[in-house]
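To start, the structure itself, in structure tokens.
The values are calculated or read from the model by the stated rules, or taken from the named source; none is laboratory data. The structure displayed is predicted, hence computed values, not measured ones. Positions of Cβ are backbone-derived with ideal geometry, glycine not excepted, and every protein chain shown enters the neighbour counts.
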Amino acid sequence: MTVSNARGLQTTLTAGAPLGVGLRLLQPNDAPAVQAVFAGLGPQSRWLRFLSGKPALTDADLRQLTSVDGWTHLAVVASTLTSQQPIGIARFVRDRLDAGSAEVALAVVDAWQRRGIGGLLADCLIACAVAVGVRRLTMTVSAENAGVRALLDRSQLEVTRMDLGFGVWEYAVALERPWDDQARRSQPGRSGARPVDAGRPRPTIAPETVDPSAA
């Protein structure tokens, strides 16, 4: 499946409007957006994103980061509504051996951190993942990444963590349909249920907006 086959998906990424942010799917020709987000990351943010010092993106990096197809590799870009400046990207890449599992990466430029952009991108990426059949997301992060820890602590989904050593953790998130979370929370004794973060807008992506048969 290609991004263009995701019927109506782009037009429904409207949850960021109250924050002055627009969301869209990353396209294969979006290297400038990837570069812009990278340029907005300071040394510490780059370390937390790549788990290494990264002074610049190589041509190979850009090819890899823009090789999206809307199915095995999908990414969401957040941009300011006023200037269309890219300020964050969240992506998942499916596990080659387990199509129901995917690895996640997320970055928000320094100037827009702690404004809810990471949570907004994560919510929309989860909705996209569920729509194309992903049921488990993993993320390998530095133990120093307080932003990711806070994001997952607020999550309403079931989250597990594994210590990989050397200050690196792997998180695994079991996905449920975001539009069914009210029913899930109403189940008494449900383990892993967490309070609703009512202050953050929810993505408006319906399950029928992606056609898996087009893969």
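Would the stretch 79-91 turn up any residue that is closer than 14 Å to Val134 by Cβ, buried (at least 20 other Cβ atoms within 10 Å of the Cβ) and modelled with pLDDT of 95 or more?
Within the stretch 79-91 (the criterion being closer than 14 Å to Val134 by Cβ, buried (at least 20 other Cβ atoms within 10 Å of the Cβ) and modelled with pLDDT of 95 or more), the answer is yes, since at least one residue qualifies.
Does Leu137 satisfy the criteria of being modelled with pLDDT of 85 or more, closer than 24 Å to Ile89 by Cβ and in a strand (DSSP E or B)?
For Leu137, the condition - modelled with pLDDT of 85 or more, closer than 24 Å to Ile89 by Cβ and in a strand (DSSP E or B) - is met.
Right, Asp123: assigned to a helix (DSSP H, G or I), more than 17 Å from Val68 (Cα to Cα) and charged (D, E, K, R) or not?
Yes.
Does Val130 count as touching a residue at least 60 places away in the same chain (Cβ under 8 Å) and within 22 Å of Leu51 (Cα to Cα)?
Taking the combined requirement at face value, the residue does not satisfy it.
Considering only the stretch 64-77, I want to know if a residue exists there that is out of contact with any Ser or Thr (no Cβ under 8 Å at 6 or more places or on another chain), surrounded by 12 or more Cβ atoms within 10 Å (Cβ to Cβ), assigned to a helix (DSSP H, G or I) and of a type outside the set (Lys, Arg).
Yes, the stretch 64-77 contains at least one residue that is out of contact with any Ser or Thr (no Cβ under 8 Å at 6 or more places or on another chain), surrounded by 12 or more Cβ atoms within 10 Å (Cβ to Cβ), assigned to a helix (DSSP H, G or I) and of a type outside the set (Lys, Arg).
Would a scan of the stretch 101-111 turn up a residue that is surrounded by fewer than 21 Cβ atoms within 10 Å (Cβ to Cβ), assigned to a loop (DSSP other than H, G, I, E, B) and either within 13 Å of the chain's Cα centre (by Cα) or in contact (Cβ under 8 Å) with a residue 12 or more places away in the chain (or both)?
There is no residue in the stretch 101-111 that is surrounded by fewer than 21 Cβ atoms within 10 Å (Cβ to Cβ), assigned to a loop (DSSP other than H, G, I, E, B) and either within 13 Å of the chain's Cα centre (by Cα) or in contact (Cβ under 8 Å) with a residue 12 or more places away in the chain (or both).
What is the residue count in the stretch 49-61 for residues that are surrounded by fewer than 17 Cβ atoms within 10 Å (Cβ to Cβ) and under 18 Å from the mean Cα position of the chain (by Cα)?
So the count comes out to 2.
Taking only the stretch 18-60 into account, find how many residues are outside any loop (DSSP other than H, G, I, E, B) and of a type outside the set (Val, Ile, Thr).
23
Filter the stretch 1-52 for residues that are among the hydrophobic types (A, V, I, L, M, F, W, C) and modelled with pLDDT under 90; which is farthest from Ile89 (Cα to Cα)?
The qualifying residue farthest from Ile89 (Cα to Cα) is Met1.
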